[in-house]
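Notes for the one structure printed next.
The values are calculated or read from the model by the stated rules, or taken from the named source; none is laboratory data. As the structure is a computational prediction, the values presented were derived from the model and not from experiment. Ideal geometry is used to build each Cβ from the backbone, glycine not excepted, and the neighbour counts take in all protein chains shown.
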Amino acid sequence: MQATHKEIIVVLTVGTQSQKQLCKKLISQTESVNFRVEVICDDDFGQRIGSGGAILNAIGRFYGECQKLIVINCGGFSKRTVSCAVKGKAFAQIVNKKRVETLFQYILENSLLLASGFEKGALVACSDILVDTSSLEVDLSQSAGFGICCDLETGTQHGVMVKNEEEKLVRFLHKTDAETLKK
């Protein structure tokens, strides 16, 4: 993870001010973070603008300040993983390559591998999915998205990427009703 402060900013988004303070403490205890890491939540901007608001605020605030921006959505209320509600999903522990680390460390390592594939831009990642980039061959000169196939009901509660016949992303639907998703 060799990057200078001017090349990369990593922004973690969280749901509340208390998560933000805890997240900062956990980051300070994380080894191998040798670049600028910011932690923000919607409350920093005066109001909540809905799901994903902190991500939009992160891009608006930090994009252009560096060559590469990595935004990791870490917090929220963790309704599906209640055990992570206090410190956020990103700081759940996993075993990777026979060592214990946090999802944050794993996602950061893989995000840095992806970011090495583009000259300038922003990469947005969720802290509750694992993307193994070690064998990934993707042309990152344009935009790329990673997702999983799931049932219709799950799609109504999450973001859905719509692609055309050439496998190119044409639309992104967020928490859309089932009828629209079927179309």
(1) modelled with pLDDT under 75; (2) in contact with a helix residue (DSSP H, G or I) (Cβ under 8 Å, 6 or more places away or on another chain); (3) assigned to a helix (DSSP H, G or I) all hold for SER83 apart from (2)
List the residue pairs whose Cβ atoms are under 6 Å apart, where the first residue sits in region 57-69 and is at pLDDT below 85, the second is part of a loop (DSSP other than H, G, I, E, B) and not aromatic (Phe, Trp, Tyr), and the two are 6 or more positions apart or on different chains.
GLN67/GLU7; GLN67/LYS120
Out of the residues in region 70-80 that are in a loop (DSSP other than H, G, I, E, B) and either buried (at least 24 other Cβ atoms within 10 Å of the Cβ) or out of contact with any helix residue (DSSP H, G or I) (no Cβ under 6 Å at 6 or more places or on another chain) (or both), which is modelled with the highest pLDDT?
CYS74
